[in-house]
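Scroll down for the structure; my scribbles are underneath it.
The values are calculated or read from the model by the stated rules, or taken from the named source; none is laboratory data. If you're wondering where the values come from, they're calculated on a predicted model, not measured in any experiment. Quick reminder, even Gly has a Cβ in these numbers, built from the backbone with ideal geometry, and neighbours come from all protein chains shown.
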């Protein structure tokens, strides 16, 4: 095994997180207000204000504050009419929360491969999916790491086939495509206020819609589907999904700082971009002509010919160091050694043990056989010489960098410095 000569870099005095909550003080005042007025449950002024602020920012008519972005997605799947056995097209490179609500309703996710331009669902692969599964009527699309996907093209494909879109904008609050905020393109839309998101309530999410009827259904379902009767009357299954007035107080205090957080995240992205000049890597891409990301997470992709050998199992990974080359495993270990947190790219859903028997579609067609070929020998398309399984390729070569908006330029410079040593 080759050993690299690396510069010894002193660990950072304070840990730099991937993306931690950034509090400003206003949040505590609204939480205190909920406490002092005794509105501690799932009703109160904070909830009303958060719903108003979400509508105002995103540009939709109705918002329903819920306990999590996952709850909002579940309500969306239910509204879309997914029934047991129904196949549903889903983004492949995403967190499992995008996909699991389909299974809650008995649906069967079919995963659609990623494209390199934005690391999101490939509209060409989606069209191929409808050729293979013409009966699909719901598409769940996520905007990865705060970068809008090719949502206009995806919507056009779905419309041609009479399919509804569920837009998972959990990671992309504040991002826009052609001047329109994400979270408004789908028939049903969701955002998240989880602890590591661009703004947070420590938890929480929001269902977004222009339909008063849909908003009222979600309000009802999320409060145990209680009927309008003087007693507890229930005529359908309900859920305990409403956001608490306490959590809403935190979100309410965060909303005024959304644009500030986005600016800080953008500065981090640009510092990485400049700091990596001359290295065989690229940053996570976006369509600069049509979209404005929120830059939630900065990520990097190593050039194929600059990858050292790396093998990943289900829970462990190994690599062979090589001069002039590196891999995500080496880089993540190196930045961890100086007290900074990075992570692998989301492992594609079609590679997850729980979903390995589900359908997977690439722009070339049925992706399962191609994935197996890629694992065995790095199969590429005869047409353009690219890997047949784009999601797997990005997962193999990519990683999420420390992107905390409290990270100082000096801390980021140290992180960049040690990453550069990985390619020496």
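The residue that is surrounded by the fewest Cβ atoms within 10 Å (Cβ to Cβ), counting only those in region 28-51 that are touching a strand residue (DSSP E or B) at 6+ places or on another chain (Cβ under 8 Å) and assigned to a helix (DSSP H, G or I), is 51. Filtered by the rule that a residue be out of contact with any helix residue (DSSP H, G or I) (no Cβ under 9 Å at 6 or more places or on another chain) and part of a strand (DSSP E or B), region 312-330 gives a lone residue, 320.
Just one of the listed residues (82, 102, 88) is assigned to a strand (DSSP E or B) and within 18 Å of residue 188 (Cα to Cα), namely 88. In region 185-300, counting only helices (runs of 4 or more DSSP H) that sit wholly within it, the ones holding 1 or more residues that are surrounded by fewer than 18 Cβ atoms within 10 Å (Cβ to Cβ) and on the phi < 0 side of the Ramachandran plot span 212-221, 258-275.
Scanning region 12-22 for residues that are surrounded by 13 or more Cβ atoms within 10 Å (Cβ to Cβ) and assigned to a loop (DSSP other than H, G, I, E, B) yields 12, 15, 17, 18, 19, 20, 21, 22. I'd like to check something: does region 209-217 contain any residue that is closer than 21 Å to residue 296 by Cα and either in contact (Cβ under 8 Å) with a residue 24 or more places away in the chain or in contact with a strand residue (DSSP E or B) (Cβ under 8 Å, 6 or more places away or on another chain) (or both)? Taking every residue of region 209-217 in turn, none turns out to be closer than 21 Å to residue 296 by Cα and either in contact (Cβ under 8 Å) with a residue 24 or more places away in the chain or in contact with a strand residue (DSSP E or B) (Cβ under 8 Å, 6 or more places away or on another chain) (or both). Has region 338-353 got at least one residue that is in a loop (DSSP other than H, G, I, E, B), at pLDDT below 95, in contact with a helix residue (DSSP H, G or I) (Cβ under 8 Å, 6 or more places away or on another chain) and over 28 Å from residue 86 (Cβ atoms)? There is no residue in region 338-353 that is in a loop (DSSP other than H, G, I, E, B), at pLDDT below 95, in contact with a helix residue (DSSP H, G or I) (Cβ under 8 Å, 6 or more places away or on another chain) and over 28 Å from residue 86 (Cβ atoms). Of all residues in region 365-381, at least one satisfies being more than 30 Å from residue 21 (Cβ to Cβ), modelled with pLDDT of 55 or more, surrounded by fewer than 22 Cβ atoms within 10 Å (Cβ to Cβ) and touching a helix residue (DSSP H, G or I) at 6+ places or on another chain (Cβ under 7 Å).
Restricting attention to region 320-344, the residues being surrounded by fewer than 20 Cβ atoms within 10 Å (Cβ to Cβ) and within 17 Å of residue 392 (Cα to Cα) number 3.
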